[in-house]
Amino acid sequence: MIEEIGNRLETERFAGAPFLFDGDFDGRLQPMDRVVTIEVEGDVVAYPFSLLEQNLVAKDEVGGKPVAVFFKPGTASALDLRSISESRDIGAATTFSPVVDGQQLTFSTIDGVFQDAETGSTWNSFGRGVSGPMEGTELTPVVSGNHFWFAWAAFKPETRIWDGA
């Protein structure tokens, strides 16, 4: 039985159909696209992993509050194949307030390292300053969730999708 479910999961992943879901799909993204979502004061935004993978950092505003989303490759999917070590790299996303002591920081990546333009400090994917004037400083996490698009959109159809800009 478990092997049969595993085979079905692998088959359906490649077909793009979610396992055991028979509802309507929101066609703005593929049903099995992974997204990190943030909801602040009724404003709901989804950040597709596919765009985050290209940009590595998202700068945005949700519910009138600035947010920074960091994306880091290197996390294998626990759902794609029977062996996690053989699964594809889906990456991981973390979300933070870019404001530290009243100063809003602007993040980018240089050679895969997160860096703020204002101080030149480098940061890890956990939002901790690892070198420069902000070493040891921790960004404030923003509550978020990692989801498949079909599951999130079924409950939050009003979600705005970040377009990478």
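The values are calculated or read from the model by the stated rules, or taken from the named source; none is laboratory data. As the structure is a computational prediction, the values presented were derived from the model and not from experiment. Don't worry about glycine lacking a Cβ; one is built from the backbone with ideal geometry, like all the others, and counts go over all protein chains shown.
Could you say whether any residue in region 34-42 is in contact (Cβ under 8 Å) with a residue 40 or more places away in the chain, within 15 Å of Thr140 (Cα to Cα) and either not β-branched (Val, Ile, Thr) or not in a loop (DSSP other than H, G, I, E, B) (or both)?
yes
Here are the criteria: (1) within 22 Å of Asn124 (Cβ to Cβ); (2) touching a residue at least 40 places away in the same chain (Cβ under 8 Å); (3) not aromatic (Phe, Trp, Tyr). Tell me which single one Asp101 does not satisfy.
It is condition (2) that Asp101 fails.
Report yes if some residue within region 95-104 is more than 23 Å from Asp43 (Cβ to Cβ) and hydrophobic (A, V, I, L, M, F, W, C); otherwise report no.
Looking for residues that are more than 23 Å from Asp43 (Cβ to Cβ) and hydrophobic (A, V, I, L, M, F, W, C), one finds none in region 95-104, hence no.
Which of the numbered conditions does Arg82 fail, given that it passes all the others? Conditions: (1) more than 23 Å from Lys156 (Cβ to Cβ); (2) surrounded by fewer than 15 Cβ atoms within 10 Å (Cβ to Cβ); (3) without any contact (Cβ under 8 Å) to a residue 24 or more places away in the chain.
The failed condition is (3).
Here are some residues: Val57, Val36. Which one is among the aliphatic types (A, V, I, L, M) and over 19 Å from Phe150 (Cα atoms)?
Going through Val57, Val36 in turn, just one is among the aliphatic types (A, V, I, L, M) and over 19 Å from Phe150 (Cα atoms): Val57.
Applying the selection to region 85-104, what residues are assigned to a strand (DSSP E or B) and surrounded by 14 or more Cβ atoms within 10 Å (Cβ to Cβ)?
Ala92, Ala93, Thr94, Thr95, Phe96, Ser97, Val99, Val100
Of all the strands (runs of 3 or more DSSP E) wholly in region 105-148, which have at least 3 residues that are touching a residue at least 60 places away in the same chain (Cβ under 8 Å)?
145-148
Which one of the conditions (1) touching a residue at least 60 places away in the same chain (Cβ under 8 Å); (2) part of a strand (DSSP E or B); (3) surrounded by fewer than 15 Cβ atoms within 10 Å (Cβ to Cβ) does Val67 fail to meet, given that it meets all the rest?
Answer for Val67: the failing condition is (3).
Would you mention how many residues in region 30-44 are under 20 Å from Phe70 (Cβ atoms) and either in contact with a helix residue (DSSP H, G or I) (Cβ under 8 Å, 6 or more places away or on another chain) or at pLDDT below 95 (or both)?
5
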